[in-house]
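> Just dropping this structure here.
The values are calculated or read from the model by the stated rules, or taken from the named source; none is laboratory data. Predicted model, so just to flag it, every value in this text is computed and none were measured. Here the Cβ is made from the backbone with ideal geometry for all residues, glycine too, and neighbour counts use every protein chain on show.
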Amino acid sequence: MEKFLVYIATLLNVSKRYNDTKNFFRNLLENDNYKYKKYFDFFMIIIVLSSVFILLYDVKNTLGKILYIYDIYVVTTIFIIEYLIRFWIYNDVRDIILNEYEESSFLNKKFDTKKVLKEIFAKKLEYITSPFAIIDLLAILPAYRPLRILRIFMLFRLFKILRYTKSVNNFLAIIKTKKFELITLLLLVGFITFIGGAVIYVFEYKVNPNISNFFDALYWSLITISTVGYGDISPITIQGRILTMFLILAGIAFISFATSIIASAFTEKLQEVKTQRIENEAHKLKSFYLICGYSKITELVATNLQKDKEKFIIIDLDEEKIEKANELGFLALKADITKKETLNMFNFDNIKKIFVLTNDDIINTFITLSLHSHTNKEIIAIANDERNEQKIEKAGASYVINPTKISALFASEYIGNPVSFEIITAIFSTDSTIKVDEVEVIEDSFLDDKKLQEIDFDKYKLILIGVLKKSELNEYSIQFAKKFFYFNPKQHIKLDKGDVLLLIGDIRNINYFKYQLQKSSL
Amino acid sequence: MRKIILFGYGKNGKAVANYLDKKSFLLVVFNEEEKEEAIHDGYLDIEVYDDKILDEDLISIGIKEADIAICMLEDEARNMFLALSIRNLNPKIKIIAKVEDNEYIHRYTLAGVNQLINPYEITANRIDSILNKPVTLEFIHNIVFGDNQLSFAQIEIESNSFLDGKNIKDVNLNELYNIIVIGIVDRERSDKLQLITDNKLDGGDVLVVIGDIDEIERLKNDIKGEK
């Protein structure tokens with residue numbers, strides 16, 4: 001027996017197919033980040049709603065054969081299969097067996113089959129008695145038609161919907177945080193209701209024709225205290241009326257108390273829920289920029305990125321700044337990027353580049369260092385003081401920008417070399433149509449493997465300023481970024497894929513050129 | 001020689017001073033702290049004024065004869081007031097001013113500032129260029145700040161020079177001189193840069209070129225020589 005158990009467990013443990021299948025179902029049913037889960041959830045919600053609709057329809061009308069078959073067999077079968085799969089994936093039985101086996105062989109004692117079976121049974125029982133499993137089971141029951149009372153369990157199918165909708169779960173989780181307050185309130189309400197009921201019972205039993213037993217009194221008390229006040233039972237004695245006045249006042253107090261408890265639970269949890277939502281959104285982003293720190297520069301950079309339809313996430317510690325960013329429509333998250341749990345929140349493979357843009361150089365250095373030790377993605381950082389530029393670069397930033405320095409350069413250029421300044425501002429300003437732009441030579445396009453003399457730039461009304469090549473040629477070149485830039489390149493230079501052409505021209509001509517290039521490579 | 005006055009020796013003023021020739025400008029500071037720092041950094045031509053600089057003071061430091069004023073006070077309101085006072089005294093002067101908040105741009109323009117410098121915006125644009133136009137950025141960086149021989153220049157075509165009346169396509173300047181003509185400023189029409197690929201050149205037109213500094217000089221000389 002034990003040998004058989006261990007054999008089966010090992011077999012399952014090494015079977016790729018078994019594990020893949022189990023993982024697939026685990027993801028489908030339990031992993032919120034799994035992309036197909038939402039389709040599954042949606043499908044189940046439709047099934048549940050349709051079956052509840054059929055129940056309601058059935059009250060007055062008779063079901064057609066198709067609907068009957070659908071309701072009894074199809075829906076129920078799906079529910080049973082789901083229940084069984086959940087039962088299956090709740091835990092790994094083979095782990096229990098293998099653990100016991102390892103333990104027994106390690107400690108050199110006998111394999112305890114009884115203990116193992118007990119443990120397996122306990123685990124599975126734990127599943128069966130969990131609230132959601134009970135709901136699932138009750139939702140299956142109505143299929144047994146002869147017992148009409150079972151049909152009311154159909155409504156448990158609606159509870160099943162909770163399983164498939166995350167927001168409802170969030171709601172319940174929030175309510176749960178105020179469990180103590182709500183239970184206290186409930187006890188208090190129960191207590192007052194009981195007293196109210198008791199008092200009216202003493203005063204009006206048999207005096208009031210509507211109160212013929214203690215249940216009537218309790219019912220009246222609850223209807224009054226909840227401020228519902230049907231009026232089917234109303235006090236007729238003066239004592240009863242005075243009591244009613246007190247009960248109504250108490251009722252108003254209770255209701256506002258309950259409302260405030262729930263409302264405060266929500267406000268307390270709001271930030272968490274928001275963070276959760278942004279985290280989820282961050283998970284969904286395929287490729288994005290990470291911006292650490294919200295400053296004036298961040299605001300401008302983010303606006304630029306948004307204009308280019310790029311995705312990005314801003315992280316800052318200051319809640320006010322986050323709020324401001326959110327108001328501007330940016331995806332912003334309150335978190336400490338230097339903390340491990342924040343770093344783990346992101347899939348760094350999906351991050352294009354990282355910006356570190358706080359107003360504090362010490363923080364910038366620390367963030368850069370933390371990120372650089374975690375990932376080798378390119379980091380662009382700000383040094384607010386020129387003296388810190390090198391330190392931040394040492395910390396691992398690929399580019400360090402000092403706003404004061406570059407604006408001073410800008411100013412000195414304006415003074416010293418107005419021509420260059422004018423041209424540069426014209427090229428970089430957004431309202432000018434003349435642009436310098438770079439075009440990469442795409443494989444198999446009309447540029448690939450061609451000599452410059454074969455390309456008619458005049459036709460596109462573009463001026464070629466230079467070519468950036470990976471390899472060094474026998475010509476004068478300027479080196480940057482480990483590549484070689486040929487200014488005013490000779491006509492016989494041949495282009496290869498990956499080379500970058502630096503062109504100047506009207507933006508429309510440049511775009512047309514790029515378009516033609518793309519087209520020719522297809 | 002052009003007369004340049006730099007106002008303020010705070011973070012931004014200091015950075016600008018760093019890029020200017022020490023003897024080429026007059027530095028005006030507004031408190032003892034800035035003065036001490038400026039002396040420490042080796043500036044000699046310093047004037048100190050209290051927070052309020054009066055029109056008389058501006059005149060006495062020669063604002064009316066100056067060509068360029070650079071307003072780099074840290075305080076936005078005072079900086080703007082200074083720019084306005086300068087413009088008021090000298091309608092022709094070129095004023096460069098620092099602005100840190102986009103909200104104030106319009107007001108500075110009203111105050112008569114020629115060139116606004118917004119450190120944040122420049123930084124954001126720089127980041128944008130790193131992302132979208134790295135080669136362009138490197139190229140410009142090399143031209144502007146590098147010790148390469150490349151530079152932008154404007155060359156006026158004199159009448160009867162060898163370029164007058166020729167089509168830009170035919171003269172082949174990029175092979176003869178290793179310079180690239182990127183545009184033309186037609187002074188009669190507008191001061192704006194226009195691209196040329198296939199234009200006829202006339203006397204009085206100004207060519208905008210990039211190229212080797214020596215080659216640019218050679219072209220300039222050739223234009224003059226053939227006159």
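> With respect to A:I248, determine if the residue is under 30 Å from A:I262 (Cα atoms), under 46 Å from the mean Cα position of the chain (by Cα) and assigned by TED's automatic domain parsing to the domain that holds A:A265. Explain how you work it out, then say what you get.
Numbers: under 30 Å from A:I262 (Cα atoms): yes; under 46 Å from the mean Cα position of the chain (by Cα): yes; assigned by TED's automatic domain parsing to the domain that holds A:A265: yes.
Taking the combined requirement at face value, the residue satisfies it.
> Among the residues of the stretch A:437-453, which ones are closer than 18 Å to B:T136 by Cα and either modelled with pLDDT of 85 or more or not assigned by TED's automatic domain parsing to the domain that holds A:Y512 (or both)?
Within the stretch A:437-453, A:E438, A:V439, A:E440, A:V441 meet the criteria.
> What is the number of the single condition among (1) away from chain A (no Cβ under 11 Å); (2) assigned to a strand (DSSP E or B); (3) modelled with pLDDT of 80 or more that B:I184 does not meet?
Here B:I184 clears every test but (3).
> Applying the selection to the stretch A:133-152, what residues are modelled with pLDDT of 80 or more and not aliphatic (A, V, I, L, M)?
Across the stretch A:133-152, the qualifying residue is only A:D136.
> Further question on the same structure: Against the definition (crowded, with 18+ Cβ neighbours inside 10 Å and in contact (Cβ under 8 Å) with a residue 40 or more places away in the chain), how does A:L517 come out, yes or no?
Yes.
> Determine if the stretch B:9-22 includes at least one residue that is within 14 Å of chain A (Cβ to nearest Cβ), closer than 27 Å to A:N417 by Cβ and of a type in the set (S, T, Y).
yes
> Right, next: Could we say that A:A263 is within 24 Å of the chain's Cα centre (by Cα), farther than 16 Å from A:A217 by Cα, modelled with pLDDT of 85 or more and not assigned by TED's automatic domain parsing to the domain that holds A:N33 here? Spell out the reasoning first.
Numbers: within 24 Å of the chain's Cα centre (by Cα): yes; farther than 16 Å from A:A217 by Cα: yes; modelled with pLDDT of 85 or more: yes; not assigned by TED's automatic domain parsing to the domain that holds A:N33: yes.
It is true that A:A263 is within 24 Å of the chain's Cα centre (by Cα), farther than 16 Å from A:A217 by Cα, modelled with pLDDT of 85 or more and not assigned by TED's automatic domain parsing to the domain that holds A:N33.
> Give the residue that is nearest to the other protein chains (Cβ to nearest Cβ), with candidates limited to residues of the stretch A:453-488 that are among the aliphatic types (A, V, I, L, M) and over 22 Å from B:I140 (Cβ atoms).
Top of the filtered list is A:I455.
> Continuing with this model, one more query. Here are some residues: A:F79, A:F111. Which one is surrounded by 15 or more Cβ atoms within 10 Å (Cβ to Cβ) and assigned to a loop (DSSP other than H, G, I, E, B)? First the steps, then the outcome.
On the way: A:F79 fails: assigned to a loop (DSSP other than H, G, I, E, B).
Being surrounded by 15 or more Cβ atoms within 10 Å (Cβ to Cβ) and assigned to a loop (DSSP other than H, G, I, E, B) holds for just one of A:F79, A:F111, which is A:F111.
> OK, next. Could you tell me which of the residues A:D95, A:D136 is acidic (D, E), in contact with a helix residue (DSSP H, G or I) (Cβ under 7 Å, 6 or more places away or on another chain) and in a helix (DSSP H, G or I)?
A:D136
> List pairs: first in the stretch B:202-226 and more than 22 Å from A:I465 (Cα to Cα), second among the β-branched types (V, I, T) and not in a strand (DSSP E or B), Cβ under 6 Å, 6+ apart or cross-chain?
Between residues of the stretch B:202-226 that are more than 22 Å from A:I465 (Cα to Cα) and residues that are among the β-branched types (V, I, T) and not in a strand (DSSP E or B), the close pairs are B:G203/B:I157.
> On to the next question. Evaluate the stretch A:42-52: report whether one residue or more is assigned to a helix (DSSP H, G or I), in contact (Cβ under 8 Å) with a residue 60 or more places away in the chain and more than 33 Å from the chain's Cα centre (by Cα).
no
> Inspect all residues belonging to the stretch A:379-392 and state whether any of them is within 11 Å of chain B (Cβ to nearest Cβ), within 25 Å of A:L290 (Cα to Cα) and small (G, A, S).
yes
> Which ones in the stretch A:489-501 are of a type in the set (D, E, K, R) and either within 10 Å of chain B (Cβ to nearest Cβ) or more than 23 Å from A:K514 (Cβ to Cβ) (or both)?
Pass one, the stretch A:489-501, residues of a type in the set (D, E, K, R): A:490, A:494, A:496-497, A:499.
Within the stretch A:489-501, just A:K490 meets the criteria.
> Here's something else I'd like to know. Are any residues in the stretch A:315-371 among the hydroxyl-bearing types (S, T, Y) and not in a helix (DSSP H, G or I), and if so, which ones?
So in the stretch A:315-371, the residues among the hydroxyl-bearing types (S, T, Y) come out as A:338, A:342, A:358, A:365, A:368, A:370.
Of everything in the stretch A:315-371, those that are among the hydroxyl-bearing types (S, T, Y) and not in a helix (DSSP H, G or I) turn out to be A:T338, A:T358.
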